Amino acid sequence: MKYLLPGLLGFLLVVGAQWAIADTMEQAPRDADELAFTNSPQDKQLEKIMEDDDAAMDEVDKWIQDNNAFKSQGAGESKSQLNQRIMARLDAVRKSYEDFLQRYPTNADAYLAFGSFLEDTGDEDGASTQYEKSRELNPRNPAAWNDLANYYGENGPITNSFIYYAKAIELNSNEPVYYENLATTVYLYRRDAMQFYGIREPQVFDKALVLYQKAIQLDPDNFALQTDYAESYYGIKPLRTNDALAAWTNALKIAHDETEREAVYIHLARVKIAAGRFTEAQAHLDAVTNSQYDVLKRHLESTMAERKKGVPSLYNMVFTNPPVEVASDGNVISNDVSPPNMTAVLTNPPPPAAGQ
């Protein structure tokens, strides 16, 4: 299935369609192979509908991109005309799912696939209804639990999200998406996590980090996952400098191109400026040549200049923690389960982050 196509998302937002806010949460895989389809006539019919679903999303995305290109040249359809064409194409897919479920009302995979389609088109409540039907028919399928957890993570109650992600992990402990989603939810909803798990905020951070690490262990080449994990350190005060640098260094190892590598250089510079390692930070910034990072680069250089002059920044920190360890395979070792051995002196500490 296709998830959150950029063109479709942008267009439907313009014309006022409802859309999921929590786009950081990942749906479980929903391809025919993942659903363990057989060669039965029923499975073949559903597989055909899912293929048409994917094709429709691809078509709609292309229509939007083409129309935007035409608009830039003074041509193209109006928003209402294009929206009408999009809705007609998607309505045909919706009807295919509905007709199939009328014929096969106990097919749990079909409810799951239909829910995914509805979520892709902005109908979150309709999607959750389909996921719930799928879960009731086949409570051993972790994908339904994960997708319902996504829904509860956005619409509440948050505790259901914690419970449902944990159930998905219990049913399939080898799917990185489930660990990533639970990590993100624990991290974002820290107060709820503190109350639900009966732990303090530092332990909430540790729990989220361990979950991210498990997801990375299962999907070590996922750059987006690695950077999400690395960015999570910015919310932890005092900053766990060595662990943050370890995470960003590992992200650098799996960057796909120079654009991604330079993005990591920006982050490495940011952490090293916070730690007072100005020479190393400047070397990272010097390696950034892509103009899209010019604003960030200038901001960090300005911040570093102020820090060098002793001007108090948002928070000044003095760390005493051991150097980063490097394993024999070249990967940086990160010990995130407990806070690193450090002392920190905070000056003008920042206000609590939103949601804390």
Name the pairs: first residue in segment 172-190 and in contact (Cβ under 8 Å) with a residue 40 or more places away in the chain and open to solvent by 20 Å² or more (accessible area, probe 1.4 Å), second residue of a type in the set (A, V, I, L, M) and outside any helix (DSSP H, G or I), Cβ to Cβ under 8 Å, at least 6 apart or on different chains?
-> Glu175/Ala28; Val177/Ala28
Pairs returned, first residue in segment 95-116 that is free of Cβ contacts under 8 Å to residues at least 40 places away in the same chain and closer than 15 Å to Glu136 by Cα, second residue that is of a type in the set (S, T, N, Q) and open to solvent by 40 Å² or more (accessible area, probe 1.4 Å), beta-carbon separation under 6 angstrom, 6 or more apart or interchain, are Ala108/Asn138
Sole miss for Trp248 among (1) out of contact with any His (no Cβ under 7 Å at 6 or more places or on another chain); (2) open to solvent by less than 10 Å² (accessible area, probe 1.4 Å); (3) farther than 25 Å from Arg140 by Cα is condition (1)
Within segment 82-118, of all residues that are touching a helix residue (DSSP H, G or I) at 6+ places or on another chain (Cβ under 9 Å) and among the polar types (S, T, N, Q), the one least open to solvent (accessible area, probe 1.4 Å) is Ser116
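Listed residues Ala230, Ala224, Ala183, Ala215; which is small (Gly, Ala, Ser), within 22 Å of Asp243 (Cα to Cα) and in contact with a Lys or Arg (Cβ under 9 Å, 6 or more places away or on another chain)? Can you show your working first?
On the way: Ala230 fails: in contact with a Lys or Arg (Cβ under 9 Å, 6 or more places away or on another chain); Ala224 fails: in contact with a Lys or Arg (Cβ under 9 Å, 6 or more places away or on another chain); Ala215 fails: in contact with a Lys or Arg (Cβ under 9 Å, 6 or more places away or on another chain).
It is Ala183.
Residues that are among the aromatic types (Phe, Trp, Tyr) and within 23 Å of Ile49 (Cα to Cα): does segment 117-139 have at least one? Spell out the reasoning first.
First, the residues of segment 117-139 that are among the aromatic types (Phe, Trp, Tyr): 117, 131.
Those left that are additionally within 23 Å of Ile49 (Cα to Cα): 117, 131.
Yes: one or more hits.
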Quick check, is Val271 buried (at least 18 other Cβ atoms within 10 Å of the Cβ), modelled with pLDDT under 50 and under 27 Å from the mean Cα position of the chain (by Cα)?
-> no
Going by the conditions given, is Gly76 without any contact (Cβ under 8 Å) to a residue 40 or more places away in the chain, open to solvent by less than 50 Å² (accessible area, probe 1.4 Å) and over 28 Å from the mean Cα position of the chain (by Cα)?
-> yes
For residues that are open to solvent by 50 Å² or more (accessible area, probe 1.4 Å) and hydrophobic (A, V, I, L, M, F, W, C), scanning just segment 135-165, find the one that is farthest from the chain's Cα centre (by Cα).
-> Leu137
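The values are calculated or read from the model by the stated rules, or taken from the named source; none is laboratory data. Everything numeric in this text was worked out from a predicted model, so none of it was measured. Reconstructed Cβ throughout: ideal geometry from the backbone, glycine too, with neighbour counts over all protein chains shown. For the accessible areas, the whole protein counts, side chains as well, though only heavy atoms, and no ligand, DNA or RNA atoms are used. Shrake-Rupley method; radii C 1.70, N 1.55, O 1.52, S 1.80 Å.
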